[in-house]
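Scroll down for the structure; my scribbles are underneath it.
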Amino acid sequence: MSGKEQSFVDRLQRIDPRVIYGLLIVVLVAPLLRPLGFPIEITPVVQKFHATIETLKPGDVVFYAFEFGAGDYPEAEGAGIAVKRHLFAKGVRIVFATTNDQAVLVLQKSLQSAGIPSDRKYGVDWVFLGYIPGAETAIAALAADMHTAAKKDHYGTPVEQLPLMKEVRSVKDIELLIVEGGGTETPTQFVRQWYAPYKARYLQICISVVGPTLQPFVGAGQIIAMVVGASGGAQYELLIRRPGIAVAGMDAQAFGHVLVILFIVIGNVAYLASKRMRK
């Protein structure tokens, strides 16, 4: 090869890492600002999650246990926002609560991002019981008697003064249970304390690393369906026809993978070319 060709091959093997990182930033950020909407396959388990919520009628009561701390929440943020939007659009009434002391502020952020419709009135259409300490003991207590487990809501109002809670006392008054987050431990506690004794219908939102651990509960029918991670969130956004941060995130992930593969190919081609030159 000529000196010019050798110089080109050398430059390929010595690309400044700042160039690589700069391009990676561009291909990750651009789709977040302007999602392209690459085709995403809707899996049966996400379809089943969506179909379960579709069975709800206006006025039905959903107990929504929000168990995400700030560290795990971002991966499943799109999923949670999409599911809350779906519930509000169905006109169901929602009782929010958490047994995670970190989750209170995160839930408030999630509700703000989801956007509570202006015609949904607090105390009538939705309530937030706040943080209920006690882990599995609290979960069992909520199933048996919410008025005893949480005498006041998060804002200090006695629960018996909330119109919605006058109609809701225990799991027997709940049409559907949704648990968002909680790692592997909290979902198993809900299975033990809500499904096993009361056969509560149960849907789960979780991050990707937790999904395989909870899959046996889905296989056994104890959890009806799951939305797992950013991929599941993107699927759900498409099902409700409101693409959001999860769809944008999957676009960014796809572009990032393509760029990494491209640089791997370039590196190997340059290495083989330089090896051939030395012979």
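The values are calculated or read from the model by the stated rules, or taken from the named source; none is laboratory data. Here the structure is a predicted model, which is why all the values come from computation and not from measurement. Glycine also receives a Cβ, built like all others from the backbone with ideal geometry; neighbour counts cover every protein chain displayed.
Just wondering, is there one or more residues in the range 201-211 that are part of a helix (DSSP H, G or I) and either in contact with a strand residue (DSSP E or B) (Cβ under 8 Å, 6 or more places away or on another chain) or more than 19 Å from Gln47 (Cβ to Cβ) (or both)? Yes - at least one qualifying residue is present in the range 201-211.
Taking the range 46-73 as the range and being buried (at least 17 other Cβ atoms within 10 Å of the Cβ), closer than 17 Å to Lys109 by Cβ and not aromatic (Phe, Trp, Tyr) as the test, the residues that pass are Ala65, Glu67, Asp72.
Looking only at the range 63-76, how many residues end up being more than 24 Å from Ala143 (Cβ to Cβ) and modelled with pLDDT of 95 or more? Number satisfying all stated conditions: 0. Among the residues of the range 149-173, count how many are surrounded by 12 or more Cβ atoms within 10 Å (Cβ to Cβ) and closer than 21 Å to Val191 by Cα. So the count comes out to 7. Taking first residues from the range 122-143 that are not assigned by TED's automatic domain parsing to the domain that holds Tyr198 and of a type in the set (Val, Ile, Thr) and partners that are surrounded by fewer than 19 Cβ atoms within 10 Å (Cβ to Cβ) and not in a strand (DSSP E or B), no Cβ contact under 9 Å between residues at least 6 apart in sequence or on separate chains turns up.
Somewhere in the range 55-62, is a residue at pLDDT 90 or above, within 17 Å of Val179 (Cβ to Cβ) and under 14 Å from the mean Cα position of the chain (by Cα)?
In the first step, residues of the range 55-62 are kept if they are at pLDDT 90 or above; the result is 55-62.
Next, only the ones that are within 17 Å of Val179 (Cβ to Cβ) stay: 56, 61-62.
After this cut, where a residue has to be under 14 Å from the mean Cα position of the chain (by Cα) as well, the list is none.
Scanning the range 55-62 turns up no residue that is at pLDDT 90 or above, within 17 Å of Val179 (Cβ to Cβ) and under 14 Å from the mean Cα position of the chain (by Cα).
One residue stands out among those in the range 74-102 that are in a helix (DSSP H, G or I) and among the charged types (D, E, K, R): the one that is surrounded by the fewest Cβ atoms within 10 Å (Cβ to Cβ), which is Lys90.
Looking at the range 59-73, can you tell me whether even one residue there is assigned to a helix (DSSP H, G or I) and either in the same structural domain as Asp119 (by TED's automatic domain parsing) or within 19 Å of Gly115 (Cα to Cα) (or both)? Looking for residues that are assigned to a helix (DSSP H, G or I) and either in the same structural domain as Asp119 (by TED's automatic domain parsing) or within 19 Å of Gly115 (Cα to Cα) (or both), one finds at least one in the range 59-73, hence yes.
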